Amino acid sequence: MTEALFVLILVIVTALGFDFTNGFHDTGNAMATSISTGALKPRKAVALSAVLNLVGAFLSIEVALTVSNKVVSIQGADGAPAPELMGLPILIVVFAGLVGGILWNLTTWLVGLPSSSSHALLGGLIGAAVAQLGIGGVKWNGVLTAVIIPGLVAPVVAGFVAALATWVVFKIVAAVPENSRDAGFRWGQIGSASLISLAHGTNDAQKTMGVITLALIAYGSWTDLHAIPFWVKCACAVSIAAGTYLGGWRVIRTLGKGLVEISSPQGMTADTASAVIILSSSHLGMALSTTHVATGSILGSGVGRPAAVVRWAVAGRMALAWAITLPSAAVVGALCCLLANGIGGAWGVAATFAMLTLAATGMYLRSRRTAVTSENVNADWDGGLVPAVRPHARRTSSRHASLPRAVGNPQAGSAQQATQP
Amino acid sequence: MSLSEILSESAEALWHVLAVGLVLGVGLPALFASGIRFQHRHRVVDAGSRPAATSITSSPLRLVGAGVCFALCVLAVVAGIIVIIFGEKLFGG
């Protein structure tokens, strides 16, 4: 096996690993509200989302070779690798960028914060490009238009739309009693959450397909700039769907329980606002991150309902995480690139890959110590990500969640008893 | 591209995203909520009788209204799926 082939294989494995983290990190974007209002049971919700991500990935008909091209100068205008970087140099940049993206995704997942997987990937690539090519390897205008401005705009626009929608919806259904109202809204929620999952499969799996195809072109085993090998499409689709099915329960819990106490109408407005903005924005000249939009919408659905609980401290932590996503992933990407190049060639890439595996295993083991699972994802939010007591609520309905937890509240008591084994 | 060009292009895109977001992002939930309101069976209180008699009615007109609202929402979902699959072809990315 040649050195370049060995590196190519590691790049593909790492890219599929990134796709997998992309899946479980973003399950919450679509399904957090449906899970927390009880529209879907947690396991069913992630299964539905996984199937739709799988289908969505196969629906993608575009070749997203130019994703990386927006921010780093490693390709020509048509997406083909720059001739002087063919072979190992571009493979190492892509590899280091992917490692930066994965480690940032895992870190934010561990602390239960939603963060944009595409920003993490772009950040990793930017860092790697700086390490490999110098400061000139980065297209700073692209960083501004593809990352920074959309990152600032997305939560504000989504939040505003969802807040207004929530306010309007509560006015319209004011006369409808809560239980017959919520049954209807749960259906609406499932519909719009499904659209978000489908769109996620199409958009996000496409990015990894683009990255793997770029690596294949750089290695020299693929030449078509307008098509993706079928096995790449299959592998990416399965990988993102498997990640989604695993369910990023930590992120789901923060989005569904931590940020806002969500009722079914709020869940429906938040999901619909997200779906509309995610589907329209890329065609209107500004591709917005699914994560930023979904989080903004959920926050907005809390702001738009006068009596709702909105935990601004949680929102503040998310905003901080978003602000440091790009630089953090960039630092890791740059360090990985330096490490790989420092040791040199296949050994360098192998060593970096080993480090990634160790770090990922460490974070996974750390997460087991304070596990958030489908069992306790809906437990009451008492200030922290990990529920303090044994979970009682597999499906806390919005009706229960929105009731004040007064002493002697018969509803709260029955909810606890109902799920005793 | 200069900074001012970037900002003006972004402002234009932002305006479009916001406009579509407001029309569909508020319009569709409002439509769905109207459907739920139409569908909900009305409690009519007959204040004339003693004790006040209540009866639950849902007029055919209201049910038609609910059906129209929900049908439009389903159409919107279908449109969404079309955008997901053919969006780049339809709008040129």
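The values are calculated or read from the model by the stated rules, or taken from the named source; none is laboratory data. For clarity, every value in this text was computed on a predicted model and none was experimentally measured. Methodologically, a virtual Cβ is constructed for each residue, glycine included, from the backbone with ideal geometry; neighbour enumeration extends over all protein chains shown.
Odds and ends about this structure:
- Summed over the range A:250-271, the residues that are under 16 Å from the mean Cα position of the chain (by Cα) and over 10 Å from residue A:32 (Cβ atoms) give a count of 1.
- Within the range A:176-187, considering residues that are more than 17 Å from residue A:33 (Cβ to Cβ) and at the interface with chain B (Cβ under 7 Å from one of its Cβ atoms), the one modelled with the lowest pLDDT: A:180
- Filtered by the rule that a residue be of a type in the set (A, V, I, L, M) and within 12 Å of residue A:68 (Cα to Cα), the range A:125-146 gives A:125, A:126, A:128, A:129, A:138, A:143, A:146.
- At least 1 residues being within 13 Å of another protein chain (Cβ to nearest Cβ) and over 29 Å from residue A:244 (Cα atoms) is the threshold, and among the helices (runs of 4 or more DSSP H) wholly inside the range A:57-155 those reaching it are A:140-143.
- Scanning the range A:319-335 for residues that are within 14 Å of residue A:120 (Cβ to Cβ), among the aliphatic types (A, V, I, L, M) and within 16 Å of the chain's Cα centre (by Cα) returns A:321, A:323, A:324, A:326, A:329.
- Condition check for residue A:180: polar (S, T, N, Q), over 17 Å from residue A:118 (Cβ atoms) and either without any contact (Cβ under 8 Å) to a residue 24 or more places away in the chain or buried (at least 24 other Cβ atoms within 10 Å of the Cβ) (or both): yes
- Search result, residues across the range B:67-93 that are in a helix (DSSP H, G or I), more than 7 Å from chain A (Cβ to nearest Cβ) and not hydrophobic (A, V, I, L, M, F, W, C): B:67, B:89
- Residue match in the range A:26-34 (condition: within 21 Å of residue A:298 (Cα to Cα), of a type in the set (Asp, Glu) and crowded, with 24+ Cβ neighbours inside 10 Å): yes
- Criterion: within 22 Å of residue B:28 (Cα to Cα), touching a residue at least 40 places away in the same chain (Cβ under 8 Å) and surrounded by fewer than 24 Cβ atoms within 10 Å (Cβ to Cβ) - qualifying residue of A:297, A:282, A:289, A:264: A:282
- Qualifying residue in the range A:346-367 (condition: outside any helix (DSSP H, G or I), crowded, with 24+ Cβ neighbours inside 10 Å and either modelled with pLDDT of 95 or more or out of contact with any strand residue (DSSP E or B) (no Cβ under 6 Å at 6 or more places or on another chain) (or both)): no
- Residue within the range A:136-153 that is in contact with an Asp or Glu (Cβ under 6 Å, 6 or more places away or on another chain), surrounded by fewer than 24 Cβ atoms within 10 Å (Cβ to Cβ) and in contact (Cβ under 8 Å) with a residue 12 or more places away in the chain present: no
- Scope the range A:1-50; condition among the polar types (S, T, N, Q) and part of a helix (DSSP H, G or I); matching residues: A:14, A:21, A:22, A:27, A:29, A:33, A:34, A:36, A:37, A:49
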